[in-house]
Amino acid sequence: MLTQDKIESYKGSIIQHGHYNDRIYLMKTTSFPSAGLPYELIELAKTNGYSKIFAKVPKNVAKFSFFNAGFLEEARITAFFSGKQAAVFIGYYLNAERTKEPDIEKMENILKIAFGKRSTDKVQPLADRFVLRKCNKTDVAVMAKIYQEIFLSYPFPIHDPDYLLKTMQSHIDYFGIETEGGLVAVSSAEVDKEAANVEMTDFATLPEWRGNNFGQQLLARMENEMKKKNIKTAYTIARAMSPGMNVTFSKAGYQFGGRLKNNTNISGRIESMNVWYKSLH
């Protein structure tokens, strides 16, 4: 069984890498990384036998060095950094097989469905028997069980209560919907205070409770909480093969930013992911 990819500091940047996602993910870089960074990442990927490098970098950094090294833009979020500079999501492939998307027609159809569901309607209130609240440290064991049931695999170790607790105490706000004293749906808001953006992610609803629009409820609550924190931009990286999540974000007024090819180990296999984003101000 593959272990989760590790997160570590690299040349002043933060990367996640390993064979679980079979990639290097450049999660965060300095404002002015060295021009040699993309080439160093390529060498690291070759040394470890990874088939993709995925990077999320400021637009000027991509122009300065990454595009010259052969990285290609796959998605973009305007006003990502402090509500000003755009972020580009770029990919570099060391194996041509990783670029192939046999389900591309289905993914395009899901996008068309999502675009057709755009709405300015207000989110309907929860029924009285449900309570939406922020999760706390006493919830992590139940949260982990929900994630274990919903996701066969995931790019980060959300199946582990210790991971949930550690991130809850540092930079991620978790939210849940409960009924009869038990959680039935969860989600998270991963906050980057320095860059004033937030990733809306980790949505999971137990199968027997689907159809109650919990995703929309959780997203609306998280947006309100993030506005209070003066977060300027919200985004998500959603499974391209998941109609439900793409429709949820399109309905909430998010813009489509692009698709990341074969990017993430989720629900048992490497899948392509759609980027959606929205200004909160």
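Taken about its Cα centre, the chain carries a charge dipole of roughly 820 debye when the Cβ of each Lys and Arg holds +1 and the Cβ of each Asp and Glu holds -1. Taking 10 °C and 1.306 mPa s as conditions, the range 6-111 diffuses translationally at an estimated 110 µm²/s according to Stokes-Einstein applied to its Kirkwood radius (Cα pairs). Backbone phi angles across the range 34-45, fed through the Karplus curve with coefficients 6.51, -1.76 and 1.60 (θ = phi - 60°), yield HN-Hα couplings of 5, 5, x, 4, x, 5, 5, 5, 4, 5, 5, 5 Hz in residue order; Gly and Pro are listed as x. Less than 5 angstrom separates the built amide H of M27 from those of I14, I15, Q16, all sequence-distant by 5 or more or on a different chain.
For the chain, the 222 nm mean residue ellipticity estimated from helices alone, with every DSSP H stretch of n ≥ 4 adding -39500 (n - 2.57) and the total spread over all residues, rounds to -7500 deg cm²/dmol.
Between K52, K251, K193, the GNM of the chain built on Cα springs shorter than 10 angstrom shows K193 fluctuating the most.
Each residue of the range 8-22 was assigned a 3J(HN,Hα) from its phi angle through the Karplus curve 6.51 cos²θ - 1.76 cosθ + 1.60 (θ = phi - 60°); the sequence is 8, 7, 8, 6, x, 10, 10, 10, 10, 8, x, 8, 5, 9, 6 Hz, with glycine and proline shown as x. Computed from backbone phi, the HN-Hα couplings of the range 198-214 come to 8, 9, 8, 8, 6, 6, 8, 10, 4, x, 6, 10, 6, x, 9, 6, 4 Hz, rounded to whole numbers (Karplus: 6.51 cos²θ - 1.76 cosθ + 1.60, θ = phi - 60°; Gly and Pro given as x). At full extension, A220 and K46 could sit 58.4 nm farther apart than now, given 0.36 nm per residue minus the alpha carbon distance.
Annotation: the residues F54, F71, sorted from fewest to most other C-beta atoms within 10 Å of their own C-beta, follow the order F71, F54.
Between F67 and T179, the modelled label-to-label distance comes to 5.0 nm, taking each label 7 Å out from Cα in the direction of the beta carbon.
None of the figures in this text is laboratory data; all of them are computed from the coordinates on show. Predicted model only: the values in this text are computed from it and were never measured. Note: ideal-geometry Cβ built from the backbone for every residue, glycine included; neighbour counts use all protein chains shown.
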